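The next block holds one structure in the form of structure tokens; read it before the comments.
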Amino acid sequence: MPSPKTFTKIADHFRERILSGELAPGAKLPTNREIAGQWQAAAATVSRALQALQVENFIRTTPRGTYVADDPRWTLSARDRLARVQRVKSFLAEGETSRVTAAELIIPPLYVAEIFDLETGDQVVRREWLAGRGKTRTVFAVTWYPAPFAALVPDLLNTAPGRNHGLSARVLEATGRTISHARDDMHARPADAREASALGLPVGSPILAGAHRWSDAEGIIEYGEWCLPPRFTIGYEYQP
């Protein structure tokens with residue numbers, strides 16, 4: 001049987017080159033035979049790797065060869081973003097940039113106050129931001145933090161360009177907290193007016209909406225709400 005390890009390495013190799021922009025939309029990939037020779041892999045192993053990339057919409061195949069999709073779609077789940085925070089101290093995917101549209105201390109809606117176990121009138125930090133890659137908008141999100149974090153990490157209230165990069169990791173470093181529990185919840189629904197405007201979609205377009213909670217024994221460290229445009233794919237790897 002084809003080696004799962006080699007299959008994964010080949011798929012990861014080309015996925016990373018596409019995400020980094022090294023392989024631009026429309027770029028032609030080496031032939032299956034060339035890939036097999038480079039990786040010293042069986043033809044079936046190469047086929048499985050490319051089939052996975054095609055299912056993920058990274059590539060397209062034609063009688064003339066295999067090409068990077070003209071409009072590749074990708075994003076990271078909250079689980080993937082947490083892994084990046086822990087591994088490389090960045091909440092964003094490779095090649096992804098973000099723009100903060102709001103950062104403020106506010107009295108939150110009741111459901112957010114309950115998530116943070118706040119008393120009436122207590123404040124939280126609210127940050128609203130967009131992530132994208134080139135002209136493609138990949139995520140519209142709102143993240144919430146305990147109000148005392150703002151004194152330890154002033155950039156929580158900063159909307160200047162670049163201040164969103166690595167922010168979650170800086171929160172953990174400054175507070176000395178460690179995320180010991182994480183949960184994602186997702187559901188598909190129509191976009192409301194605010195979400196549609198942020199993502200450049202007609203109101204009512206289908207989106208994948210979700211929320212994540214990162215916490216430790218002391219309580220919630222970060223609560224986030226986010227939505228993705230149509231046709232974006234997120235996925236999880238797991239081993240039985």
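The values are calculated or read from the model by the stated rules, or taken from the named source; none is laboratory data. In this text the structure is predicted, and so the values were computed from the model without any measurement. Methodologically, a virtual Cβ is constructed for each residue, glycine included, from the backbone with ideal geometry; neighbour enumeration extends over all protein chains shown. Side chains are part of the model used for accessible areas, which takes the heavy atoms of the whole protein and leaves out ligands, DNA and RNA. Shrake-Rupley method; radii C 1.70, N 1.55, O 1.52, S 1.80 Å.
Per-structure values
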read-out: Förster radius 22 Å - calculated FRET efficiency between Ala83 and Lys5, Cβ distance, rounded to 0.05; value: 0.65
read-out: Ranked by how many other beta carbons lie within 10 Å on average, peptides 11-18, 28-35, 124-131, 180-187 from highest; value: 124-131, 11-18, 28-35, 180-187
read-out: Net charge over other residues, Cβ less than 11 angstrom from the Cβ of Ala209 (K, R count +1; D, E count -1); value: -3
read-out: Environment charge of Gln123, counting only residues whose C-beta is closer than 14 Å and scoring Lys/Arg +1, Asp/Glu -1; value: -2
read-out: Span per principal axis, largest first, for the Cα atoms of the chain (Å); value: 65, 39, 32
read-out: Cα centre as origin, Lys/Arg/Asp/Glu Cβ charges: the chain dipole, Debye; value: 1140
read-out: Tyr67, Tyr223, ranked by accessible area, largest first (probe 1.4 Å); value: Tyr67, Tyr223
read-out: Three-way shape call for region 144-193 based on the alpha-carbon gyration tensor, with the a/c threshold at 1.5; value: oblate
read-out: Sum of side-chain charges, Pro30 neighbourhood, beta-carbon under 14 Å (Lys, Arg +1; Asp, Glu -1); value: +2
read-out: Cβ charges +1 (Lys, Arg) and -1 (Asp, Glu), total dipole of region 123-240, debye; value: 420
read-out: Relative contact order of the chain, pairs being alpha-carbon contacts under 8 Å that are 6 or more residues apart, as %; value: 16
read-out: Extension gain from Ile234 to Ala44, taking 0.36 nm per residue of separation minus the Cα-Cα distance; value: 65.9 nm
read-out: Charge dipole (debye, nearest 20) of region 126-166; +1 at Cβ of Lys and Arg, -1 at Cβ of Asp and Glu; value: 220
read-out: Förster radius 41 Å - calculated FRET efficiency between Glu119 and Asp12, Cβ distance, rounded to 0.05; value: 0.30
